[in-house]
Amino acid sequence: MATLRDGSEVSLDSPDVWDALPDTRRVFSGFNAPGQLVLRHPDGSEQILFDCFQQAQPCVPLDAAVSLDGGRVLFSVYYGEKLGNGWWDGATLPNRVLSGASHARLHVVDLETGLVTPLTHQAGVFDVSPAWLPDGRIMFASSRQPFREPRLHWITPNNRPHTQLYIADADGSNAVNVTPHEVSSALHPYLLDSGRVAYGSHWLSHNLAYSSTNGSINWPGTLDNFWVVMDMDARGGDMTALLGGHRASLQASTGRTKTMKALHFLGQRQNGDICVANYYRANNLGLGDVFCWPPEPVGVEGALPNFLPRGIYNVADWSKSNDEPSFKEDGEFLGKIGYPEGMEGDQLLLTVGRGYCTQVSGSVQSFQRAVADQPNKRACDVGLYHTSVLPSKNMQDLVEVVDHPDWHEFGARVVRTRGVEAPVPRMTHDSTCQIASSDALTGETSPRRPYQFNNNYVTSANNGGEIDGLPAGELAAIRFWRVFSNPLGEDDFKNSIGNRLGLLGDVPLLADGSFKAKVPCDVPFVMAGVDADGRVIKRDQVPQSLRPGEKRVCTGCHQHSIPGRAYEASMAFAAKPVEILSTRRVPTFEDDIRPIFERRCLSCHVDDVPLMEYDKLVWDFFQESVLPERRVQVKETTDKRRQYGLQRPYTSKYVNTMFARESLLYWKAANRRLDGRTDATYANDIDFGPNHPVNISPLELRTLAEWLDSGAPR
């Protein structure tokens with residue numbers, strides 16, 4: 001029975017439609033509980049390895065990882081304060097979920113003896129999604145460093161714990177954070193046969209984390225769907241984007257378009273293809289599509305124009321990741337899939353939800369009506385199946401492994417031995433950390449579509465960006481900023497990038513466009529290309545960090561799809577690295593910019609731009625603080641907000657959040673347009689306008705540019 005908002009009760013025929021499994025919204029709790037970790041033998045018999053029905057505190061065991069010798073299973077137990085009830089549209093449901101998340105602890109079970117051993121743990125933290133490494137150590141996600149996701153202006157970040165990846169000894173001791181650059185979250189590392197580790201990364205930094213606004217003004221959509229697949233070597237270094245980092249979409253053989261959403265829960269086929277689940281968060285039991293692709297060479301991120309891995313394919317044409325019911329065939333809802341795992345015969349073991357399998361808007365009664373004519377009134381029953389052909393053309397070519405109607409079986413791993421390579425990473429001779437590029441002048445940051453004012457978010461999101469129209473020869477140095485994670489509970493910080501930055505320094509390019517820098521180890525940083533006057537003209541948007549002794553080398557500046565010049569053929573190979581080991585603060589509005597305005601601007605600007613009010617200068621998407629006759633009309637409509645609504649990277653008429661050289665505020669201070677275009681180039685963009693002489697010093701002008709390029713912090 002379900003208790004409705006008015007206190008009345010209604011009988012439920014298909015309550016499993018409101019069941020919940022873990023996903024990017026329900027990371028540590030809110031999913032069905034309690035649960036069991038079960039070993040299914042080849043003869044079909046089952047052995048319970050860990051039983052939360054027998055535990056004093058409500059819990060669920062998740063994230064099984066089989067050791068390389070096939071003898072042990074590493075897993076996490078998620079604990080809550082109580083078992084709560086599910087709810088929907090004001091109705092209290094009978095579905096039991098883990099509520100009041102308290103902590104999660106790693107355990108290991110010996111499959112021969114059945115002995116379960118809890119690993120070393122810190123009280124109150126969440127240690128989850130473990131993986132074995134080639135040297136016998138483990139990697140796992142943990143909330144040991146409490147932080148909140150980047151603040152993207154009006155979007156208030158959530159205050160739940162976020163996770164980074166740690167490497168520890170097999171008993172959980174000596175844990176070291178190897179992904180301090182993951183300033184949103186990282187989950188579910190998976191050891192590939194190559195010895196590298198693929199994982200899900202929550203991608204919200206920096207500047208532009210989206211390539212669509214869902215038809216709104218500066219609205220990126222559902223942030224919990226902003227996940228990509230990254231990989232790194234087994235020590236946590238040499239990070240590369242594998243899938244989704246550029247918000248691409250995939251065309252299935254049926255002609256249906258599959259968009260990238262939440263990407264994690266990884267596996268690998270016997271032929272080496274990497275596979276990942278893709279789903280819409282929160283309302284679909286963590287199920288949707290599964291994509292697979294053959295690995296690109298290390299350091300290559302995919303093929304232009306969307307940087308998709310070559311040969312990527314959809315595992316099941318009949319599944320879908322949208323936030324809507326599954327496809328319907330002959331009157332029956334089919335279902336959705338997830339949790340890929342390679343198995344014998346080069347097939348995939350899958351978690352399959354059969355039925356409606358979504359929780360879109362509607363009342364309890366409307367859901368009941370939607371599934372009333374389904375077999376056994378099934379709404380979404382989850383079980384384990386394996387493919388018999390790939391890609392799967394219909395559900396009939398799946399082979400059932402186990403699918404009890406009273407249970408959800410999911411997240412299975414095959415117990416087997418694995419041979420995994422252990423490649424030797426590139427190292428420095430003195431344990432310092434170095435990053436180098438053989439050719440920073442060559443890259444693939446150019447917009448993939450022609451310049452279109454107020455539509456720059458489409459071409460600049462995630463893959464890095466550059467000012468359209470400037471010659472590559474203007475690039476003179478590479479700037480390094482240190483990235484600081486946002487403390488959990490912090491409310492007063494604001495800038496356009498989402499995280500506080502500190503300036504490490506600029507590294508000049510050598511004559512052939514290469515460079516080499518020595519940077520602090522285990523310190524997150526982000527890079528940009530600057531001109532001879534220190535103004536940003538190209539941007540990287542992915543924080544990264546280097547492990548002690550790591551020497552990271554790329555063959556171009558955002559050289560995504562092809563190898564570039566060999567490092568050994570560049571001047572940087574033999575050059576001494578430029579040391580940038582200390583951090584200085586970046587300019588802020590209150591301490592540095594407001595005084596410049598007071599000295600240089602206020603004698604004339606009395607009733608025009610409110611220079612002394614940070615929010616009205618920097619965060620004025622709808623130009624409400626601009627005099628009506630000076631507003632830039634971006635759309636023919638009577639809707640004032642859409643008529644004047646500016647899309648990122650513009651946060652106001654005066655501020656471009658990616659480049660000072662595209663900001664009207666900076667043009668006016670320098671008294672010339674600096675984006676490589678003129679007012680006559682385009683009829684509908686922001687114009688420089690009349691001559692604007694300003695008595696400003698070169699140092700003040702450089703400070704203004706550095707402030708804008710650093711995210712215009714308050």
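Inside the range 695-714, can you point out the residues that are part of a loop (DSSP other than H, G, I, E, B) and surrounded by fewer than 15 Cβ atoms within 10 Å (Cβ to Cβ)? Before you say what the answer is, go through the steps one by one.
Applying the first criterion (part of a loop (DSSP other than H, G, I, E, B)) to the range 695-714 yields 695-697, 710-714.
The answer is ASN695, SER697.
If the condition is being touching a residue at least 60 places away in the same chain (Cβ under 8 Å), more than 17 Å from ASP63 (Cα to Cα) and surrounded by 14 or more Cβ atoms within 10 Å (Cβ to Cβ), then the range 402-421 contributes VAL402, ARG418, VAL420.
Within the set of pairs 6 or more residues apart or between chains, which connect a residue that is farther than 23 Å from GLU636 by Cβ and assigned to a loop (DSSP other than H, G, I, E, B) inside the range 673-685 to a residue that is at pLDDT below 95 and among the aliphatic types (A, V, I, L, M) with Cβ atoms less than 6 Å apart? Listed by first residue and then by second, the contacts come to ASP675/ILE467; GLY676/LEU470. Restricting attention to the range 360-393, the residues being touching a helix residue (DSSP H, G or I) at 6+ places or on another chain (Cβ under 8 Å), within 23 Å of VAL315 (Cα to Cα), in a loop (DSSP other than H, G, I, E, B) and not hydrophobic (A, V, I, L, M, F, W, C) number 1. Would you point out the residue of the range 4-25, among those that are touching a residue at least 60 places away in the same chain (Cβ under 8 Å) and open to solvent by 50 Å² or more (accessible area, probe 1.4 Å), that is nearest to the chain's Cα centre (by Cα)? Result: ARG25.
If you go through the range 306-330 one residue at a time, how many are more than 20 Å from the chain's Cα centre (by Cα), open to solvent by 40 Å² or more (accessible area, probe 1.4 Å) and not charged (D, E, K, R)? Walk me through how you get there before you give the answer.
Residues of the range 306-330 that are more than 20 Å from the chain's Cα centre (by Cα), as a first pass: 310-311, 313-320, 324-330.
Applying the additional criterion that residues be open to solvent by 40 Å² or more (accessible area, probe 1.4 Å) yields 310-311, 313, 324, 327-330.
Okay, now just the ones that are also not charged (D, E, K, R), so 311, 313, 327.
Looking only at that region, the number is 3.
Checking each residue in the range 93-117 for being under 17 Å from GLY80 (Cβ atoms), open to solvent by 50 Å² or more (accessible area, probe 1.4 Å) and more than 29 Å from the chain's Cα centre (by Cα) picks out only ARG96.
For the residues ARG378, ARG354, the requirement of being of a type in the set (Lys, Arg) and touching a residue at least 60 places away in the same chain (Cβ under 8 Å) singles out ARG378.
Does GLY272 count as touching a residue at least 24 places away in the same chain (Cβ under 8 Å), open to solvent by 10 Å² or more (accessible area, probe 1.4 Å) and in a loop (DSSP other than H, G, I, E, B)? Walk me through how you get there before you give the answer.
Working: touching a residue at least 24 places away in the same chain (Cβ under 8 Å): yes; open to solvent by 10 Å² or more (accessible area, probe 1.4 Å): yes; in a loop (DSSP other than H, G, I, E, B): yes.
Judged against the criteria, GLY272 is a match.
Selection within the range 422-440: residues that are part of a strand (DSSP E or B) and under 27 Å from the mean Cα position of the chain (by Cα). The member of this set that is surrounded by the most Cβ atoms within 10 Å (Cβ to Cβ) is SER437.
Among the residues of the range 565-587, those identified as closer than 25 Å to TRP481 by Cα and crowded, with 17+ Cβ neighbours inside 10 Å are TYR567, SER570, ALA572, PRO577, VAL578, ILE580, THR583, VAL586, PRO587.
Scanning the range 338-349 turns up no residue that is assigned to a loop (DSSP other than H, G, I, E, B) and open to solvent by 10 Å² or more (accessible area, probe 1.4 Å). Here the range 57-99 is the region considered, the condition is being at pLDDT 95 or above and not in a strand (DSSP E or B), and the residue that is farthest from ASN32 (Cα to Cα) is ASP69.
The values are calculated or read from the model by the stated rules, or taken from the named source; none is laboratory data. The structure presented is a predicted model; accordingly, all values stated were derived computationally and were not measured. Quick reminder, even Gly has a Cβ in these numbers, built from the backbone with ideal geometry, and neighbours come from all protein chains shown. Quick note on the areas: whole protein, heavy atoms, side chains included, nothing else; ligands and nucleic acids left out. Shrake-Rupley method; radii C 1.70, N 1.55, O 1.52, S 1.80 Å.
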